[in-house]
1. When you scan the stretch 193-201, do you find a residue that is in contact (Cβ under 8 Å) with a residue 24 or more places away in the chain and of a type in the set (Asp, Glu), even just one?
2. Please give the number of the condition Leu134 fails out of (1) of a type outside the set (Ser, Thr, Tyr); (2) touching a Leu at 6+ places or on another chain (Cβ under 7 Å); (3) closer than 26 Å to Ile182 by Cα.
3. Just checking, which of Arg212, Arg242 is surrounded by 17 or more Cβ atoms within 10 Å (Cβ to Cβ), out of contact with any strand residue (DSSP E or B) (no Cβ under 9 Å at 6 or more places or on another chain) and among the basic types (Lys, Arg)?
4. Within the stretch 44-65, track down each residue that is near the ligand (Cβ under 9 Å from one of its atoms) and in contact with a Phe, Trp or Tyr (Cβ under 8 Å, 6 or more places away or on another chain).
5. Could you say whether any residue in the stretch 218-235 is within 19 Å of the chain's Cα centre (by Cα), in a helix (DSSP H, G or I) and within 23 Å of Cys255 (Cα to Cα)?
6. Quickly run through the stretch 236-247 and pick out the residues that are part of a loop (DSSP other than H, G, I, E, B) and among the charged types (D, E, K, R).
7. Among the residues of the stretch 67-85, how many are within 9 Å of the ligand (Cβ to nearest atom) and either among the polar types (S, T, N, Q) or outside any helix (DSSP H, G or I) (or both)?
8. Within the stretch 97-104, is even one residue farther than 24 Å from Pro138 by Cβ and either without any contact (Cβ under 8 Å) to a residue 24 or more places away in the chain or in contact with a helix residue (DSSP H, G or I) (Cβ under 7 Å, 6 or more places away or on another chain) (or both)?
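Derivation of every value follows stated rules applied to the coordinates shown; laboratory data play no part. Everything numeric here is computed off the predicted structure, so don't read it as measured data. Ideal geometry is used to build each Cβ from the backbone, glycine not excepted, and the neighbour counts take in all protein chains shown.
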Amino acid sequence: MLTDLKQRLHAIESVEMPVEQAYGFSTRSRSSVSKALSAARYYCPICNRWYSRFAPFGLRGRPNARCPGCGSLERHRFLWLYMIGRRRLLRPGCRILHVAPEACIQKRLQTRLHVKYLGIDRYDDDANAEQQDLTDLPYLKNTFDLVICNHVLEHIPDDRKAIAEIARILHPSGHALIMVPIDRNRQSTYEDHNITSPSERHQAFGHPYHVRICGWDYADRISSVGMFVLQAHSTQLTEHMRRMNRINKTVLYDCTLQRS
Ligand SMILES: [Zn+2]
């Protein structure tokens, strides 16, 4: 063994053998390793893994959107980065209400042993959640420190009532993180309660189960029930972060009962 090592060192010193060969791996294998590493250019902060690309998602097959590991989409990854970047949101003992839980985020929150997690869903009884109506919740006021409500309100005709319920059950020092799909070209939210069939809604609102198209004024609707709204834009992340985590242009409303 020692003789073999001496021979290898001698070979390197006398430039008879490339270093890679002397240490037991070829230049070719090193090249394929670095190729594989450089191919993994996208990172999912929810399942903490690198991927060469994400899967397409949506009615139009939006490319490079869905994490192949945990199923997260761009908005989930932005929401997750926002939450873990602010320690006060997931502090020990924090009581969390997660509305229509996304499995990828639910799984991560449920494994954080120091938080008290509850998921609710109106229809989906497979979502590992209590079946509850967001416009009529059975919880006492001030019950939750963090409410997560991601892409839900655009499905609810009386969304003001749902927002009022979120404000009612939120602790005075708590936060509600709310996201809705915003039409970035639209200032005013458009809705028409006479449009009720899935096909008409698809035509009017771009989705068979949406009851409105939200514009930039949607934050005013949240404020109108007495919550303060801080708008967090994904464009505030660095270009590098958005590219690496595959995050598109989106906005998250960080809502509180007291001005923060
Ligand atoms: Zn993932």
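1. Within the stretch 193-201, not a single residue is in contact (Cβ under 8 Å) with a residue 24 or more places away in the chain and of a type in the set (Asp, Glu).
2. (2)
3. After ruling out the rest, the residue left standing is Arg242.
4. The answer is Cys44, Pro45, Ile46, Arg49, Tyr51, Phe54.
5. Scanning the stretch 218-235, I find at least one residue that is within 19 Å of the chain's Cα centre (by Cα), in a helix (DSSP H, G or I) and within 23 Å of Cys255 (Cα to Cα), so the answer is yes.
6. Listed by number, the list holds a single entry, Arg246.
7. So the count comes out to 6.
8. Scanning the stretch 97-104 turns up at least one residue that is farther than 24 Å from Pro138 by Cβ and either without any contact (Cβ under 8 Å) to a residue 24 or more places away in the chain or in contact with a helix residue (DSSP H, G or I) (Cβ under 7 Å, 6 or more places away or on another chain) (or both).
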